[in-house]
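Take a look at the structure set out below.
We did not get these values from a lab; they are worked out from the coordinates using the rules stated. Please read all numbers here as calculations on a predicted model, not as lab measurements. Cβ coordinates were reconstructed from backbone atoms using ideal geometry, including for glycine residues, and neighbour counts include every protein chain displayed.
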Amino acid sequence: MIELRVATEADLPEVVALTNLAYRGSGPQAGWTTEYYLQGARTTDQALCADLAAKPQAQILVWREATGGLLGHVWLEPVDEKAWYLGLLSVRPDRQDQKLGRTLLTAAEDFARARGVTRMRMRVINVRDTLIAWYERRGYALTGETEPFPYGDDRFGTPTRDDLCFVVLQRAL
């Protein structure tokens, strides 16, 4: 069992840095989760603070090494009384081969389950077949729902293709 704690304002610069590394890393720092079809930062300090301010019931959970280094983080947000949204799951790309992602995912699900949540939902960009398959191996299933990609909203990066949308996955806890 790992210890997750709610991120404070002081954690946010590290959360932003890890998010950008995990989602937009290049060269030797690129992990298998890099979104090559989007350019620019995945998030900024200002965008993340604005997202948290707009959704006060949401929280970012951080996972740190005993030495204090950030290993990973995840966004959790109530959708309704029994379902939560999980997003921004990020772990250090240089440690992705150590099962940190699945450990963090399980801990986030346990955190939600302990608060009475019975379903976890998420959105993944439709062209991320490898990531979708990774979540499916962990019990998530495509719901058949899709949501439009926010073209023109550069807070998430600038797309290099015009066929992006989000697919929705869900898992019973």
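Rounded to the nearest 500 deg cm²/dmol, what is the calculated helix-only ellipticity per residue at 222 nm for the chain, with -39500 (n - 2.57) per DSSP H run of length n ≥ 4?
Values: 4 runs with 46 residues, N = 173.
The helix contribution divided over the chain gives -8000 deg cm²/dmol.
Explain nothing, just the number: dipole magnitude of the stretch 15-173 about its Cα centre with +1 on each Lys and Arg Cβ and -1 on each Asp and Glu Cβ, in debye rounded to the nearest 20. Provide the component values of the computation, followed by the final result.
Working: 20 positive and 19 negative charges, 104 e Å.
I would put it at about 500 debye.
Take each uninterrupted DSSP H stretch in the chain, measure its Cα extent along the helix axis, and return the ones at 15 Å or beyond whose mean Kyte-Doolittle hydropathy is at least 0.5. Don't skip to the answer; put the middle values down first.
Working: long enough: 12-24 (17 Å, 0.64); 100-113 (19 Å, 0.13).
Long hydrophobic helices here: 12-24.
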| said: Could you give the length gained by full extension between Gln170 and Ala54, i.e. 0.36 nm per residue of separation minus their alpha carbon distance, to one decimal place? | reply: 39.4 nm
| field | Ratio Rg/Rh, restricted to the chain and using Cα atoms, in which Rh is the Kirkwood radius | value | 0.93
| said: Quick check on the exposure proxy: order Met1, Met120 from fewest to most C-beta atoms within 10 angstrom. | reply: Met1, Met120
| field | Debye, to nearest 20: dipole size of the stretch 61-114, +1 on Lys, Arg Cβ, -1 on Asp, Glu Cβ | value | 180 debye
| request: Report the Stokes-Einstein translational diffusion coefficient (µm² s⁻¹, integer) for the stretch 1-99, Rh taken as the Kirkwood radius over Cα pairs, at 25 °C with viscosity 0.890 mPa s. | output: 173 µm²/s
| query | How would you order 155-161, 167-173, 143-149 from highest to lowest mean count of nearby Cβ atoms within 10 Å? | reply | 167-173, 155-161, 143-149
